[in-house]
1. Any idea how many residues of the stretch 158-203 are open to solvent by less than 20 Å² (accessible area, probe 1.4 Å), out of contact with any strand residue (DSSP E or B) (no Cβ under 6 Å at 6 or more places or on another chain) and assigned to a loop (DSSP other than H, G, I, E, B)?
2. Go through the residues of the stretch 264-274 one by one and say whether even a single one is over 26 Å from TRP92 (Cβ atoms) and touching a residue at least 24 places away in the same chain (Cβ under 8 Å).
3. Any idea which residue in the stretch 298-319 is nearest to VAL372 (Cα to Cα), counting only those that are in contact (Cβ under 8 Å) with a residue 40 or more places away in the chain and over 19 Å from the mean Cα position of the chain (by Cα)?
4. Filter the stretch 256-290 down to the residues that are assigned to a loop (DSSP other than H, G, I, E, B) and under 13 Å from GLY189 (Cβ atoms) and list them by number.
5. Does the stretch 149-157 include one or more residues that are surrounded by 22 or more Cβ atoms within 10 Å (Cβ to Cβ) and either modelled with pLDDT of 95 or more or among the charged types (D, E, K, R) (or both)?
6. Which condition number does MET367 fail, the rest of (1) assigned to a helix (DSSP H, G or I); (2) modelled with pLDDT under 95; (3) surrounded by fewer than 21 Cβ atoms within 10 Å (Cβ to Cβ) being met?
7. When you scan the stretch 206-255, how many residues do you find that are in contact (Cβ under 8 Å) with a residue 60 or more places away in the chain and part of a helix (DSSP H, G or I)?
8. Applying the selection to the stretch 348-362, what residues are open to solvent by 10 Å² or more (accessible area, probe 1.4 Å), part of a helix (DSSP H, G or I) and either at pLDDT below 95 or not hydrophobic (A, V, I, L, M, F, W, C) (or both)?
Amino acid sequence: MNKPKPLISAILNLNLHPKPLFSNPIHLMALTQTRITHSDPPQNDAEDDVLCSNPEQTQEEQPSSHSLDETPSFVGSPGKYLTGVSRFERAWAHWTKLGRPKLIVAPMVDNSELPFRMLCRKYGAEAAYTPMLHSRIFNENPKYRSEEFTTCKEDRPLFVQFCANDPDILLEAARRVESHCDYVDINLGCPQRIARRGYYGAFLMDNLPLVKSLVEKLALNLNVPVSCKIRVFPKLEDTLKYAKMLEDAGCSLLAVHGRTRDEKDGKKFRADWNAIKAVKNELRIPVLANGNIRHMDDVRNCLEEMGADGVLSAETLLENPALFAGFRTSNWVVDNEKDSIDGKLDQADLVVQYLKLCEKYPVPWRMIRSHVHKMLGDWFRVQPQVREELNAQSRLTLEFLYGLVDQLRELGVRVPLHQKDDASATGNLADVIGI
């Protein structure tokens with residue numbers, strides 16, 4: 001039987017502090033810092049919770065830090081995003097100031113941590129979400145705060161996402177991060193069992209007055225805009241009422257996952273882009289689309305046909321962090337081989353770049369293990385014994401992982417990422433995304 005995941009235990013039992021993730025915890029700082037995340041399925045939990053940095057590093061060698069333990073003081077008047085007609089203008093002015101990013105890394109539990117966000121940004125991502133943070137634990141546990149949220153000056157625009165079911169607790173958590181992000185986001189879309197047990201995410205769709213109070217609380221008291229990420233209802237009219245209620249409550253940006261709460265399997269259920277389009281047409285704030293983004297053709301179609309102001313990608317980015325730079329995995333070029341060329345980049349290259357970012361921004365080994373499995377999945381199918389060697393490691397090292405990539409190459413494995421050999425398509429996409 002698999003051991004319980006550390007974060008899940010923490011969320012289900014708020015009196016159980018999560019296991020330390022690094023040897024020398026480093027707090028968030030405004031200019032340069034690291035970020036540590038939650039949990040992953042592999043065995044050897046104790047070893048995989050260890051930070052991948054050098055535990056012998058002295059305090060003088062670590063970046064200077066800024067603690068989140070104290071609530072930031074307000075600058076200006078709270079609630080400036082909830083004042084009459086001008087709040088729509090402010091919502092768009094803020095989005096425009098950020099450059100109206102269209103290619104966005106979706107929030108992914110345990111996977112949208114700082115090194116991965118920075119890798120995606122290198123390959124075209126224009127904004128990113130943190131993984132979901134549990135608001136109550138964030139307030140109660142200094143270790144959780146220092147380990148679960150870190151960023152750096154290049155990590156912008158940034159959405160910091162919280163789950164919550166208590167407006168006061170959510171506000172306390174949001175105030176701790178508002179000076180370090182561009183939006184505080186409320187997770188209203190998580191459909192997993194843990195969200196049902198904790199009463200948050202998509203399971204708040206059954207209590208819209210509570211949802212409204214969460215949004216209003218932040219909108220009236222923060223100096224950064226409030227965003228929300230939702231799933232759709234089975235009935236379109238319910239989705240539109242829901243979205244309009246969020247906008248009226250003070251939401252300044254809405255990300256819509258075009259699947260219902262019960263449609264958890266993204267490979268089995270296609271996202272309903274028409275529902276997203278209807279929401280976009282109904283609201284006066286920016287609307288982002290989530291679902292069915294597998295390659296840049298999907299990006300183009302979503303922006304053009306649905307009228308979305310941006311797109312979020314999650315699962316596809318885990319396999320191919322270079323998605324937004326126009327690269328696609330081989331499974332999305334089978335029917336278009338004549339239009340695709342070897343992009344002179346492969347997932348092993350991306351793993352090496354990710355590992356180098358982990359050296360700069362240390363994370364728990366379980367996070368690294370998860371990303372290596374995702375990015376090298378196609379390679380491991382060709383040489384499964386290499387995957388077994390990875391799984392057999394109770395204690396990972398960067399040297400081992402660099403060597404694992406070298407081993408795959410020496411075995412003659414290469415699964416290239418592809419690009420469309422179509423200059424006009426690239427030009428058309430540039431027009432769509434405004435570059």
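1. 2
2. Residues of the stretch 264-274 that are over 26 Å from TRP92 (Cβ atoms), as a first pass: 264-270.
With touching a residue at least 24 places away in the same chain (Cβ under 8 Å) added as a condition, the list becomes 264, 266.
Within the stretch 264-274, one or more residues are over 26 Å from TRP92 (Cβ atoms) and touching a residue at least 24 places away in the same chain (Cβ under 8 Å).
3. ARG300
4. Within the stretch 256-290, GLY258, ARG259, THR260, ARG261, ASP262, GLU263, LYS264, GLY266, ALA271 qualify.
5. No.
6. The number of the failed condition is (3).
7. Final tally of qualifying residues: 4.
8. Scanning the stretch 348-362 gives ASP349, GLN353, LYS356, GLU359, LYS360.
The values are calculated or read from the model by the stated rules, or taken from the named source; none is laboratory data. All values derive from a computational prediction rather than experimental measurement. Positions of Cβ are generated from backbone atoms using ideal geometry, with glycine treated the same way; all protein chains shown enter the neighbour counts. Please note that ligands, DNA and RNA were not included when accessible areas were found on the heavy atoms of the full protein model with its side chains. Shrake-Rupley method; radii C 1.70, N 1.55, O 1.52, S 1.80 Å.
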